[in-house]
Amino acid sequence: PRRPTTAQREPRPAIMKLLNMNYSLRLKLTSAFALFGILVTVLVGYYAYASSRSMLLNIAERDLLTATQVLGRNLQSNLNGAREDLNLLSNLPDTRALIAAQSSNPTADSALAETFTSLLKIHPEYLQARLIGTAAHGLERVRVERNGEQISRIEDAQLQEKAYFPYVYQALTLTPGSVYISPIAINHEFAAQSELRQPSLILSSPIADSRDPAQARAVMVLNIDLNQVFAQLKSDLPARYQVFLSNAAGDILVHPDASQTFGFERG
């Protein structure tokens, strides 16, 4: 048989090796470019995610800070309103008549009780309004309180001595017109409120006799239901927010789940 021509001969091993090297190089370059493209895509995606996450966190933090500041200002406004109510009640003619008399005055008692009743109707967050004298161990002179939807005046036989409570003896150390603000607590004086676990705040102000402006003769007291206050304040916030309140020691005082509050009272 005739010998094959040069064109018909199989490629030499060196040419095959060169072809294999070229193919391997193209494959490596293609893989490298593909990996580089994936890496760039991942880096760009991560940067976009990190930037979006940071931007969303900043927006959420500003939103939360704004909401907290609004809540704080509204709460301060409520407290200022209670201070003004205390000042108004302390300077009513009926209040002054009771202090000057230093004894029961049925007409002034009834008139002041009606004023207390009207105040509690206007302010659903007020639990009690009281005038407490300094005589007879801090005996309550006039007391009107809320029990659920009912507002009632407490009769003479049920009036109590309160001189040993801080909102009385601490208030008496202040100058007339000043306001004492109690720590937030459950009001154990009023059994119904204890059962409902209503956190309350007590504001009190000493009242002087006009004949002796330097000497306090009585204390005007308002009990405020904080659950009611925060329900009102929360209505001004977006629906997605929940309201919590703790004291300086970290005790939870207001919580969406009432069973999580006032743990220090249960040990």
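The values are calculated or read from the model by the stated rules, or taken from the named source; none is laboratory data. Because the structure is predicted, anything quoted here is derived from the model rather than measured. All Cβ positions, even for glycine, are placed from backbone atoms using ideal geometry, and neighbour counts span all protein chains on display. We work out accessible area using only protein heavy atoms, side chains counted, and drop any ligands, DNA or RNA first. Shrake-Rupley method; radii C 1.70, N 1.55, O 1.52, S 1.80 Å.
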TODO: Of the numbered conditions (1) among the aliphatic types (A, V, I, L, M); (2) at pLDDT below 90; (3) touching a helix residue (DSSP H, G or I) at 6+ places or on another chain (Cβ under 9 Å), ALA248 fails exactly one; give the number of that condition.
DONE: (3)
TODO: Kindly indicate whether ALA97 is in contact with a Pro (Cβ under 9 Å, 6 or more places away or on another chain), assigned to a helix (DSSP H, G or I) and open to solvent by less than 50 Å² (accessible area, probe 1.4 Å).
DONE: no
TODO: Tell me which residues, restricted to segment 148-158, are open to solvent by less than 90 Å² (accessible area, probe 1.4 Å), over 20 Å from LEU203 (Cβ atoms) and part of a loop (DSSP other than H, G, I, E, B).
DONE: GLY148
- [ ] Filter segment 227-248 down to residues that are among the aliphatic types (A, V, I, L, M) and either free of Cβ contacts under 8 Å to residues at least 12 places away in the same chain or touching a Leu at 6+ places or on another chain (Cβ under 6 Å) (or both) and give me whichever is most open to solvent (accessible area, probe 1.4 Å).
- [x] ALA248
TODO: Answer with yes or no whether ASN91 is free of Cβ contacts under 8 Å to residues at least 60 places away in the same chain, within 30 Å of ILE151 (Cβ to Cβ) and buried (at least 16 other Cβ atoms within 10 Å of the Cβ).
DONE: no
TODO: Within segment 114-125, count every residue that is touching a residue at least 24 places away in the same chain (Cβ under 8 Å) and more than 20 Å from ALA218 (Cα to Cα).
DONE: 5
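Quick grid of which residues meet (1) under 23 Å from SER210 (Cβ atoms); (2) modelled with pLDDT under 95; (3) in contact with an Asp or Glu (Cβ under 6 Å, 6 or more places away or on another chain):
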position: ALA129; (1), (2), (3): yes, no, no
position: ARG146; (1), (2), (3): no, yes, no
position: GLU149; (1), (2), (3): no, yes, no
position: LYS162; (1), (2), (3): no, yes, no
position: PHE165; (1), (2), (3): no, yes, no
position: LEU172; (1), (2), (3): yes, yes, no
Open item on the list: Can you go through ARG73, ARG26, ARG53 and tell me which one is closer than 28 Å to ILE184 by Cβ and open to solvent by 90 Å² or more (accessible area, probe 1.4 Å)?
Closed with: ARG73
- [ ] Would you please list the contacts, defined by Cβ atoms under 8 Å and residues six or more apart or on different chains, that run from a residue in segment 185-208 that is closer than 16 Å to GLU125 by Cβ to a residue that is among the small types (Gly, Ala, Ser) and at pLDDT 90 or above?
- [x] LEU201/SER182; ILE202/SER182; LEU203/ALA82; LEU203/SER182
Task: Tally, over segment 89-119, of residues that are within 17 Å of ARG211 (Cβ to Cβ), of a type in the set (S, T, N, Q) and touching a helix residue (DSSP H, G or I) at 6+ places or on another chain (Cβ under 8 Å) - done: 2
Task: Hits in segment 26-64 (condition: of a type in the set (D, E, K, R) and either in contact (Cβ under 8 Å) with a residue 60 or more places away in the chain or farther than 21 Å from TYR241 by Cα (or both)) - done: ARG26, LYS28
Open item on the list: With the requirement that a residue be more than 22 Å from ILE224 (Cα to Cα) and loosely packed, with under 14 Cβ neighbours inside 10 Å, what does segment 104-147 give you?
Closed with: SER104, PRO106, THR107, SER110, ALA135, ALA136, HIS137
Open item on the list: Checking the condition at pLDDT below 85, touching a Phe, Trp or Tyr at 6+ places or on another chain (Cβ under 8 Å) and either farther than 19 Å from ASN74 by Cβ or not aliphatic (A, V, I, L, M) (or both), which residue from ARG266, ARG211, ARG240, ARG197 passes?
Closed with: ARG197
